[in-house]
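Read through the structure below, which is laid out as structure tokens, and then see the notes.
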Amino acid sequence: MMRDPVWRGAKVCYIVIGRAASTSIRRALDNTLGRTNQKKDVASLSDDWFIFSFVRDPFDRFMSFYNAYCYPGQTAASVKERGFYHGMPILDAAALVCDTPDKTAEKHTNSQSHHLTRGTEKLIPEFVGKIEAFEEDWARLQDLLGQRLETPGNLSAARMRRGR
């Protein structure tokens, strides 16, 4: 079961997609809406909750994953368990990502649509922003929430397009 961070006071749930600025977005939400340690299955939330997410270009997301987990330094245990390793050739990593079903994939490599639908045919979030249009979509999110949010740090369009 996938569980996502919730901010009860604001009735906001953020569907986290790994390698799509999720740490920066969550930190900004914590700083604005109050720190949360709570995670919930979105299916358990009532209709009065606002659910949103951000997606990233799939190629850039894969390159970010590869650069973080297969190319430099050490490989995280959750990634090793699924067959990825330090120094893994990029084509082998891409083939492994493509051959692994979403239900068993590592959270940074399963499809973004799986996060957004939880494997059903129904899109769950009310709003889905794009990292490649972050400034515009972050402003739209604030309009939908009716609240100013801290702008996430460590995000630049050029950096996000380079697969980092």
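The values are calculated or read from the model by the stated rules, or taken from the named source; none is laboratory data. The structure presented is a predicted model; accordingly, all values stated were derived computationally and were not measured. Heads up, the Cβs are rebuilt from the backbone with ideal geometry, glycines too, and the neighbour counts pull from every protein chain shown.
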Any hit, the range 68-85, residues being modelled with pLDDT of 95 or more and farther than 19 Å from His115 by Cβ:
no
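Residues are listed down the side, and each one gets a yes or a no for (1) touching a Cys at 6+ places or on another chain (Cβ under 9 Å); (2) surrounded by fewer than 17 Cβ atoms within 10 Å (Cβ to Cβ); (3) within 20 Å of Thr151 (Cβ to Cβ):
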| site | (1), (2), (3) |
| --- | --- |
| Arg3 | no, yes, no |
| Lys11 | no, yes, no |
| Val16 | no, no, yes |
| Ala21 | no, no, yes |
| Ile25 | no, no, yes |
| Leu29 | no, no, yes |
| Gly34 | no, yes, yes |
| Ser44 | no, yes, no |
Restrict the check to the range 61-76 and report whether at least one residue is assigned to a helix (DSSP H, G or I) and either exposed (fewer than 15 other Cβ atoms within 10 Å of the Cβ) or among the acidic types (Asp, Glu) (or both).
no
Looking only at the range 84-109, which residues are surrounded by fewer than 17 Cβ atoms within 10 Å (Cβ to Cβ), under 20 Å from the mean Cα position of the chain (by Cα) and not hydrophobic (A, V, I, L, M, F, W, C)?
Thr100, Pro101, Asp102, Lys103, Thr104, Lys107
Does Asp47 meet the test of being under 19 Å from the mean Cα position of the chain (by Cα) and on the phi < 0 side of the Ramachandran plot?
no
Cβ-Cβ under 7 Å pairs, at least 6 apart or on other chains, the range 11-37 side touching a residue at least 12 places away in the same chain (Cβ under 8 Å) and not assigned by TED's automatic domain parsing to the domain that holds Trp49, far side of a type outside the set (Lys, Arg) and buried (at least 21 other Cβ atoms within 10 Å of the Cβ):
none
Yes or no: Asp60 modelled with pLDDT of 90 or more, of a type in the set (D, E, K, R) and within 18 Å of the chain's Cα centre (by Cα)?
yes
